[in-house]
1. Scan Gly92, Gly112 and give me the residue that is farther than 23 Å from Trp164 by Cβ, open to solvent by 10 Å² or more (accessible area, probe 1.4 Å) and away from the ligand (no atom under 16 Å from the Cβ).
2. Which of the residues spanning segment 248-281 are under 17 Å from Met117 (Cβ atoms), among the aliphatic types (A, V, I, L, M) and within 9 Å of the ligand (Cβ to nearest atom)?
3. Between Lys260, Lys235, which is of a type outside the set (Asp, Glu), farther than 20 Å from Thr120 by Cα and touching a residue at least 24 places away in the same chain (Cβ under 8 Å)?
4. If Arg145 passes every condition in (1) basic (Lys, Arg); (2) over 19 Å from Arg224 (Cβ atoms); (3) touching a residue at least 12 places away in the same chain (Cβ under 8 Å); (4) outside the structural domain of Arg55 (by TED's automatic domain parsing) but one, which one does it miss?
5. Please indicate, with yes or no, whether at least one residue in segment 211-226 is farther than 28 Å from Asn104 by Cα, more than 16 Å from the ligand (Cβ to nearest atom) and under 24 Å from the mean Cα position of the chain (by Cα).
6. Scanning segment 147-164 for residues that are under 19 Å from Ile195 (Cβ atoms) and assigned to a loop (DSSP other than H, G, I, E, B), which turns out most open to solvent (accessible area, probe 1.4 Å)?
7. I need the full set of residues from segment 186-210 which are of a type in the set (Ser, Thr, Tyr) and either under 20 Å from the mean Cα position of the chain (by Cα) or part of a loop (DSSP other than H, G, I, E, B) (or both), in order please.
8. Please determine, by comparing only the residues of segment 265-277 that are surrounded by 16 or more Cβ atoms within 10 Å (Cβ to Cβ) and touching a residue at least 60 places away in the same chain (Cβ under 8 Å), which one is farthest from Ala107 (Cα to Cα).
Amino acid sequence: MRILLATEKPFAAEAVAGIKKIAVEGGHEVVMLEKYADKQQLLDAVKDVEAIIIRSDKITADVIAAAPKLKIVVRAGAGFDNVDLAAATEKGVVVMNTPGQNSNAVAELAIGMMVFMARTQFTPGTGTELKGKTLGIHAYGNVGRLVGLLGKGFGMNVLAFDPWVKDEVFAADGTEKAASIADLYARSNYLSLHIPATAETKGSIGYDLLTSMPKGATLVNTARKEVIDEAGLAKAMEERADLKYATDIAPENAAELAEKFGKRFFATAKKMGAETAEANVNAGLAAASQIADFFATGNVKFQVNK
Ligand code: 3PG
């Protein structure tokens, strides 16, 4: 089979070599499309492949329509909001993710951003410490749990909200379960976002939640920009000169926020949560193995469009 590795943001060389090795051992061939600048290149590249490995690359209905031989798409990573699941399902294409494989990299970045914001973005000035502060975790999945663990190492009190997670999981970690989303935000000095972008969550974090946070609170977003109500966030930061926002996914109004709020706002130049050699290797190799296994045995364990 032909497996297309379509990564606008390329994987580390070590990960690419590992993906090729797994593919060749399974009798497959890897076709590369890295750092592509426009969608037409993707549309051309998918024409005669049976499988695609992607990162945040967008697999829309027209990409699926342009790939008549396509059987499987694996998102090397966690979030699959970049794949049109309905279009894939309609064409009988299996979509998978590789949950947990890049979580540690994202969790480390989230904590790093908290320190960065607490210490005046590493510029001269008096900062604060994470120790003793309450760390709120919105969604307690693979990344959220690791952020909580790291936060505990800093001496933070960890509080989390996730209606899908069993009480035993919170108890096992010694993490307090917030009563509601409102309760979580009202008590968190640092709020780390780990919710996916879904119809329900898009635009759900805005003025009311932000203005309910304690004095001097910081929101850290290593999840998705779509979950933020950007106008509501800007309004909250205007009214509350103590609020801070650090994000790994630059908002549409990044320039406005940077100008208005200076060191109270920070956005990475390009999403870098999963940009470590380790995360690339973990997620890339898992993607390649899942594809090889799918073709060899029909295993669909990580399918997300069932
Ligand atoms: C994920 O959902 O796994 C992360 O958002 C990583 O995205 P990336 O592969 O584009 O870095």
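1. Working: Gly112 fails: away from the ligand (no atom under 16 Å from the Cβ).
The unique qualifying residue is Gly92.
2. Step one: list which residues in segment 248-281 are under 17 Å from Met117 (Cβ atoms), which gives 248-251, 254, 257-258, 260-269, 272-273.
Filter once more, keeping what is among the aliphatic types (A, V, I, L, M): 249-250, 254, 257-258, 267, 269, 272.
Those that are under 17 Å from Met117 (Cβ atoms), among the aliphatic types (A, V, I, L, M) and within 9 Å of the ligand (Cβ to nearest atom): Ile249, Met272.
3. Details: Lys260 fails: farther than 20 Å from Thr120 by Cα.
Only one candidate passes the filter, namely Lys235.
4. Every listed condition holds for Arg145 apart from (2).
5. No, segment 211-226 contains no residue that is farther than 28 Å from Asn104 by Cα, more than 16 Å from the ligand (Cβ to nearest atom) and under 24 Å from the mean Cα position of the chain (by Cα).
6. Trp164
7. First, pick out the residues of segment 186-210 that are of a type in the set (Ser, Thr, Tyr): 188, 190, 192, 198, 201, 204, 207.
Within segment 186-210, Ser188, Tyr190, Ser192, Thr198, Thr201, Ser204 meet the criteria.
8. Step one: of segment 265-277, the residues surrounded by 16 or more Cβ atoms within 10 Å (Cβ to Cβ) are 265-268, 271, 273-276.
Now drop any that are not touching a residue at least 60 places away in the same chain (Cβ under 8 Å), which leaves 266, 271, 273-276.
Values: Phe266: 17, Lys271: 14, Gly273: 8, Ala274: 9, Glu275: 12, Thr276: 12 Å.
Ranking the qualifying residues of segment 265-277, first place goes to Phe266.
The values are calculated or read from the model by the stated rules, or taken from the named source; none is laboratory data. As the structure is a prediction and not an experimental result, all values here were calculated from the model. Don't worry about glycine lacking a Cβ; one is built from the backbone with ideal geometry, like all the others, and counts go over all protein chains shown. SASA here: full protein model, heavy atoms, side chains in, ligands and nucleic acids out. Shrake-Rupley method; radii C 1.70, N 1.55, O 1.52, S 1.80 Å.
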